[in-house]
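Visitor: Here it is, the structure, as C-alpha cells.
No value in this document is a laboratory result; all are computed from the given coordinates. Keep in mind that what you see is a predicted model, and the values were worked out from it rather than measured. No Cβ is skipped: glycine too gets one built from the backbone with ideal geometry, and neighbour counts run over all protein chains shown.
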C-alpha cells in the first residue's frame, strides 16, 4: 500500500509537471487582477477552457480541459508578442485581443469579460439587459486601464508627482500622492497634530524612547519655523535612532543569538552580537542600504581583511544549523529572497513556483550562490580564546562547490544530471551575472599568521615560560629534595615509595614543561620574524619546523609524565580512564619522536582556509542592489513605511510576487523607491522625507464620517495610532524613571536579567527559547521569522505592567522624580498633571484630574501612614503606566 | 493598528473563514456582545479539549496495542519470524525523514512484552496491565492503533502538535488552531492553557504549544499548578493590599473609558479595557483554578494526591478538569518532559521505566475520565492521549526499545467520540500501521471536527499549508 505521504507527493507531482494545471492558479489570479473591481463573479475555467463534454480528450500536456477559442487565441498571441520582442504576460496578451471577438458571437472579448461571459463560447453572451449601460462601463474600464500599474518585476521608473491645487498642504511629494487618492475617495483629512503629540510620536518612532521633560520644554518653546525639522535632524543623528531602527532591521534580517540544547550550539553562532553592533553602527553612519546588503551577503569578499565589515556576514551565519546542511541553505535562500527581494523563492524548492516565474531549477541556481560557504570563528585581537570572543563569519570553503537539483526537494534524491550553476531566475532583469573569483590577501585566509595572533603568541609564551620557571623553583625542587632526603639508606620504604616516584615524575613533567615553554617562545618569535620578512629563508623555515617538532615532543612528554604521576595518585577504581588517556599520550609521544627523525622538506605549513573566494555571493549582492533591480528598493521602502505608519503600502511585505497583495499606493511606492536609490540609498534621508510630510504629521483623532467610510485608514486621512513595540515599552519604563543605561554594544546580555538590569532591550539575548518574558508579553518577535510584528492586546500585558518589578520600580522612581521637580509644595493637581505629561505626553483633562484626585484621597486613606501620600502618588503613577495612552503612540 | 489591519487581513481570506475567525477575534477582543458567537463549519459535538501528551515515546505494544506474537517469537530476529515481510515494506523508506540519518535503525531482535495484558470492559479492548485505571474506561475510549509519523527522533513531539517535520520549523499547533477558530468561552481565564513542563528545546520547546504565524495571542499560556506562582506577573511584585490594587485597576479602567470618548473608534482601546478586566480577574481566578486544596478528600484521593508517585500529575489532571469546568477551551498537559528527549524514552530498562511512569499517570488519567463523566463534562470535552511515537518491537540494549514512527497508538474519549473502539491496526509484531493508516494530523482533524471546525478551511493567506497538515477526520470513531 502506498503511504499517504507517497500519495500526497504523487498528487503534487501530477500538479507540478503538468503545464496546463500549473498555469491555472497563476492565470486565474492574473485575470482577476486584470479585471479588478470590474470582475463580476469569481474567475472559473470557462473563460478560457471548454466545458467538460464527452469525447473531449485532453492533449498530453493539458491534463485538464482543453482551451476554447479565446484560450487558444491567448496562446497564439503570446507567440506573436514574443516574436515581436514584447512583454507577453497575461495582461499584455489580454490588452492585445480585447477588441477582438474570439468566439464570433458579435460581442467583443472586452464586453464579454466586463459582463462575465465567456469570450470563448459563442453560446454564452450577454443579454440585452446586461448591455444596456455597457458604454458607460467600457468608459470606466478604459479609465481604470489608465491607472498607475503596479509592475513589481519591472525597473523602477520615477512617477510624475500629481499636481495639487494651491489649497492643499503639500510638505513633501508624498503628500501629493496621498492627497490624490484621498480626494478620489472624498475623504477629509485630519489637521496636523499638536506639537506635543508630534513630539512624542517622533521620539518614540525615531528613537524608541519618550522625550524627557527638558527635551519637551525645549521643543514646545521653540517657535522657529524649522523647529520640527531641527528636531528630526537631531533625533536622526542620535545613537538612540540607530539602536531603535537596528531592532526593526533585526526583525527583518532574523537576528538570533546562538540557540541550542544546553551548551550545544545548534543554530546561529556565539558572538553574533558583532553583527548586531554592525547594524547599529551602519545605521548611525547612514551607510547606504545597498552597501549594507552587499556587506551582509559578501562582506568577506568586499573587504577580506576588515573585521569591521565582515561582521555583517552575521546575516548568513545566523542560518547555520548543526544538523542539516540543506535546512541551513534552504533558510539562507528563503530569507535572502524574502528580506531583500520580497520574493517567495522558497516555494520553488520542491516544484516550480505556482504564481511567480521561478522554476524549480531557479531555486537551486539561487542556492548555488551560497553552496561554497561555511561558517568559522576568527580570533580578534586581545582574545585568543574564541569561546570567549571572536568573529563569527562566513567564508567560501569549497569555491567550486556544485549544486544539484533535488527531486521534489528531497535531499536524498539529487538529480546528478541537473547541475545548477549560480544564476538568478531568467524572468528577472539583467540576468547575466559576472562572477569573478576573489583572490584573498594572506591575512584573510592564513589566520594563524596574522600579526596580532603571532604577537599574542609571543606574549603568551613569555607568560608560560615565567610560570614554568616558577613551578620548578618553588614547588618541585623542594618536594623532590625533601623526599629524596627521606631515602637515606636503610629508611623504611613503605608508603613512601609511590610518593617518591610521583614527586619525581612531577619534577620531570615540570622540566618538560619548562623546555616546552622555551621552545614555544622560540617558535613564536621565529614565526613573528618570518612574517615580518618579505621572504623567509629556507634555513629559517627548517628551523621553524624543527622547533615545532621539538615542541610537540616536549609537550607530549609533559602530558605523559603528568598522567603517569596522576595514575600513581589515583585509587584503583578510578585508574582505568587515566590508563586510557596515558595510552593515547604515549602514542602521541611516539609519533612526535618519530617525526623528529624524519627529514625536513622546508615547506611552510598550509594556511587554514582557501586563498580565494568564489565571488558568487558578491555577484548576487551586486545584482540585488543594482538600481535596475526592481525589487530591492521597493521592498525596503515598504518596510520603512510600515514602521512609520503602522501599515505597509504592500501588505504582503515579503511577497511582492503575483500571489502577493497589490499596493494601496503603487505610484507613491515607486516614487519613494526612486527617491531612495537616487539619494544613495540613504535611510536617514528617507526617514526625513517621510516624517516631515504632512501625511505623517496628521492628527490621529478620528471623525465619524471618515471612520465609517475608511475604518482601516487605507487612504491616510489620519495618522493611525500604534501600540509601542515590546522593546519600546520596557525601554520607556526605564527612561521615564531615569534608570536607562545607555551603554552601547557588546556581548548579548542574559535575558533573565532583563527586569533587574537597565540596558536597552536590543542588547539582551534573543534566540529560540531565550527571550525575555516581559518582552514576549508584548509580542516580541520570534527569532525564526518576523517580517511584520503582531500587536495583540492580551491580559498578560496588563499583568506585566501592573505587577512586574520593572513597572512598579518605575512608578516609585517617577513619583520620586516628580516630587523633586515640583518641590514639597506640590499639590495633588500639579502632581497629576506632571504625571500625565511625562507618561502620556499631554496634560490631564478636567475629568481626569477629578478622577485622579479622588483616587489619591481614597488611596491615601487605604495606605499606611506616615508615607501614605507618597504611596498613593506612586500608586497613581503605576496606574498611568497602565493607561492605554502610555503604550499607545498617537 | 492591530484591529483594522486584522480586519483588512481577514477580508483577504475570502468567503467562509473570515466570518468565523473575525467573529472569534472580535469575540475575544471584547466584541462578543456585538457579533455573537463564532460561526462554525459544523454543528459542534464538543467545546473543550484536554490533550495529554507523554514526552519521550510511550510504548504502544505495552500500552494500547498488545502483541502476543512478540512473546511467541521472543529472541528471534524479525527475519526469522513469519512476518519477515515487515523488513521489505516500502514504509521503511517512505515513512521516514530523519534528523540525523542512521541514528535509529530497525531493531532486529524481537523483544517480549514486559507486562501482561487482557481484554477490558464489554468491548474487550486489549490493553496492558500497566494502564488499569485508564483501561477501566475502555468502553468510553476510541483507541487508534494505526498512527504513523515521519520523524524517528524526538522532533516528532513537535510534529505531533503541528503536523510538520521539525526540519520544516515551527508551525501553528493544534491548540492554537482551535483557539484561533473558536475564541474563548470564559471571562476570567486564558483560553489555551499548558500544564506540566513543556517540551525541551531539543524537540520543539515552546513551539510545541505555539501559534507561530497565527500570532502570539493564540499561544498556549503556561500555568504552574502552584497557587502562589501560577504564571508570570500574576501577583504584585511589591506588597500591596487587595483594596489598593483593586483601586488601581478601577482607576485604569475609568481613565481608559474616558479616552474611549475621545477615541470612540479605537478597537485596541476597547480591547485593552477588556484585557484589564480579564487580567484583574485572572489574578484571583488563575491561582484559584490551580488551587486544588478545596477539592473533596475523595476527589483528591481519586487523583492520587495522597501518593507521592501520582501527586504531581494528579494535580495537573485535577487542574485540567477545573480549567475545562470553567470554560477553558484547550488544556495541553505534558508528562515526562525532562529537559531532554523525555522520560518515556526507554532505550534501556523499559520495564522499570514504564512501570514507574505508568504508575505516575494511569491513576490520575483514570480519575480524570471518571471525574469528567460524573460531572457531565465528558459530553462536551474530548480527552486525547498520545505520545510522539511508539517503541520498536525489537530490543535495544537488551532490555529497552528504540524510537518507532511506523506504527503506534493514541486514544480519544468524550466529546462525541465513540467508545469501546479499537480502530486501525499494526501488523502482528506492532511494527507497521497496516490497517486504516492515520498520520498524526488525522487526530487533529477529528478533534477539530468535533469542535465544529473543518481543518481544511483553517488556512491564512500567504501561509500555504501542506496536504499532510490538514489531516482527515477518522470517521469511524466519530459518533
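Visitor: If I model a spin label at residue A:849 and residue B:359 as a point 7 Å from the Cα along the Cα→Cβ vector, what separation in nanometres do I get?
Guide: Going from the residue A:849 label point to the residue B:359 one covers 7.3 nm.
Visitor: Okay, moving on. Say each of residue A:165 and residue A:80 gets a label point 7 Å from the Cα, pointing the same way as Cα to Cβ; how far apart are those two points in nm?
Guide: 4.5
Visitor: Based only on other Cβ atoms within 10 Å, what is the fewest-to-most ordering of B:130, A:328?
Guide: Numbers: B:130 24, A:328 18.
Lowest count first: A:328, B:130.
Visitor: Hey, another quick one. Taking the alpha-carbon centroid of each part, what is the distance from region A:524-560 to region A:164-228 in angstrom?
Guide: Region A:524-560 and region A:164-228 have Cα centres spaced 69 Å from each other.
Visitor: So what's the gap between the Cα centers of region B:328-352 and region B:205-222, to the nearest angstrom?
Guide: For region B:328-352 versus region B:205-222, the Cα centre distance is 20 Å.
Visitor: I've got another one for you. Taking square-rooted eigenvalues a ≥ b ≥ c of the alpha carbon gyration tensor, is region B:75-231 rounded, prolate or oblate, where a/c under 1.5 means rounded and, failing that, a/b exceeding b/c means prolate?
Guide: Oblate is the answer for region B:75-231, as a/c is 1.5 or above yet b/c matches or exceeds a/b.
Visitor: For Cα pairs less than 8 Å apart in space and 6+ apart in sequence, what is the mean separation divided by the residue count of chain B, i.e. the relative contact order in percent?
Guide: 29
Visitor: Can you tell me the FRET efficiency between residue A:158 and residue A:429 if r is taken as the Cβ-Cβ distance and R0 is 22 Å, rounded to the nearest 0.05?
Guide: Efficiency for this residue pair is about 0.85.
Visitor: As a test of the formula, what do you get for the protein assembly as shown when each DSSP H run with n ≥ 4 contributes -39,500 (n - 2.57) and the sum is divided by the residue count, at 222 nm and rounded to the nearest 500 deg cm²/dmol?
Guide: Rounded to the nearest 500, it is -14000 deg cm²/dmol.
Visitor: Could you grab the relative contact order for region B:86-213? Cα pairs under 8 Å, six or more apart, rounded to a whole percent.
Guide: Working: 141 pairs, mean separation 26.7, N = 128.
Computed value for region B:86-213: 21 percent relative contact order.
Visitor: Calculate the mean, over all residues of peptide B:229-241, of how many other protein chain Cβ atoms lie within 10 angstrom of the residue's Cβ.
Guide: 5
Visitor: To the nearest µm²/s, what D does Stokes-Einstein give for region A:219-341 at 25 °C and 0.890 mPa s, using the Kirkwood radius over alpha carbon pairs as Rh?
Guide: For the chosen part, D equals 153 µm²/s.
Visitor: Let me ask you something else. Order of A:105, A:285 from fewest to most other C-beta atoms within 10 Å?
Guide: On the way: A:105 18, A:285 10.
With the fewest neighbours first, A:105, A:285 line up as A:285, A:105.
Visitor: Roughly how many Å is it from the Cα centre of region B:269-310 to that of region A:576-611, as a whole number?
Guide: Between the Cα centre of region B:269-310 and that of region A:576-611, the gap is 65 Å.
Visitor: Still on this model: Give the shape of region B:138-285 as rounded, prolate or oblate, defined through the alpha-carbon gyration tensor: a ≥ b ≥ c are the square roots of its eigenvalues, a/c under 1.5 means rounded, and otherwise the shape is prolate if a/b is larger than b/c and oblate if not.
Guide: Numbers: a/c = 2.47, a/b = 1.96, b/c = 1.26.
Verdict is prolate for region B:138-285.
Visitor: Can I ask one more? Over the whole of B:274-280, what's the average partner chain Cβ count within 10 Å per residue? Rounded to a whole number, please.
Guide: So the per-residue partner count for this stretch is 6.
Visitor: So if I take the alpha carbon set of chain B, get Rg, then get Rh from the Kirkwood formula, what is the Rg over Rh ratio?
Guide: We get a ratio of 0.99 for chain B.
Visitor: Counting only other chains, what is the mean number of Cβ atoms within 10 angstrom of the Cβ of each residue in peptide A:765-771? Don't skip to the end; give the middle numbers.
Guide: Numbers: counts 0, 0, 1, 5, 7, 2, 1.
Mean partner-chain Cβ count within 10 Å for A:765-771: 2.
Visitor: Tilt of helix A:805-822 relative to the longest C-alpha principal axis of chain A, in degrees (0 to 90, nearest 10)?
Guide: 80
Visitor: What's the angle, to the nearest 10 degrees (0 to 90), between helix B:17-26's Cα axis and the longest principal axis of chain B?
Guide: Relative to chain B, helix B:17-26 is tipped by roughly 60 degrees.
Visitor: Classify the protein assembly as shown: rounded, prolate or oblate, from the alpha-carbon gyration tensor (a ≥ b ≥ c, eigenvalue square roots; a/c under 1.5 rounded; otherwise prolate if a/b is larger than b/c)? Please list the in-between numbers first.
Guide: Numbers: a/c = 1.28, a/b = 1.22, b/c = 1.06.
Rounded, since a/c falls under 1.5.
Visitor: Here's something else I'd like to know. Highest mean first, how do A:461-468, B:53-60, A:791-798 rank when packing is the count of other Cβ atoms within 10 Å averaged over residues?
Guide: Top of the packing list down: B:53-60, A:791-798, A:461-468.
Visitor: So if we plug the beta-carbon distance of residue A:870 and residue B:296 into 1/(1 + (r/R0)^6) with R0 = 45 Å, what FRET efficiency do we get, rounded to 0.05?
Guide: 0.45
Visitor: By how many degrees, between 0 and 90 and to the nearest 10, does the Cα long axis of helix A:575-597 differ from the longest principal axis of chain A?
Guide: The two axes meet at around 80 degrees.
Visitor: So the label point goes 7 Å from the Cα of residue B:42 along Cα→C-beta, right? Which residues of region B:308-333 then have their backbone N under 20 Å from it?
Guide: B:329-331
Visitor: Something else: Compare the peptides A:275-281, A:832-838, A:571-577, B:120-126 by average per-residue count of other Cβ atoms within 10 angstrom and give them in order, highest first.
Guide: A:275-281, A:832-838, B:120-126, A:571-577
Visitor: Which residues among region A:816-845 fall inside the zone where the amide N is under 16 Å from a point 7 Å beyond the Cα of residue A:221, along Cα→Cβ?
Guide: It comes to A:822, nothing else.
Visitor: What ranking of A:413, B:412, A:546, A:724 emerges when the number of other C-beta atoms within 10 Å of each C-beta is taken as an exposure proxy, fewest first?
Guide: Ascending Cβ contact count within 10 Å gives the list A:413, A:546, A:724, B:412.
Visitor: For chain A, what does the relative contact order come out to in percent, with C-alpha contacts under 8 Å and a separation of six or more?
Guide: Working: 1285 pairs, mean separation 129.2, N = 890.
Relative contact order, chain A: 15 percent.
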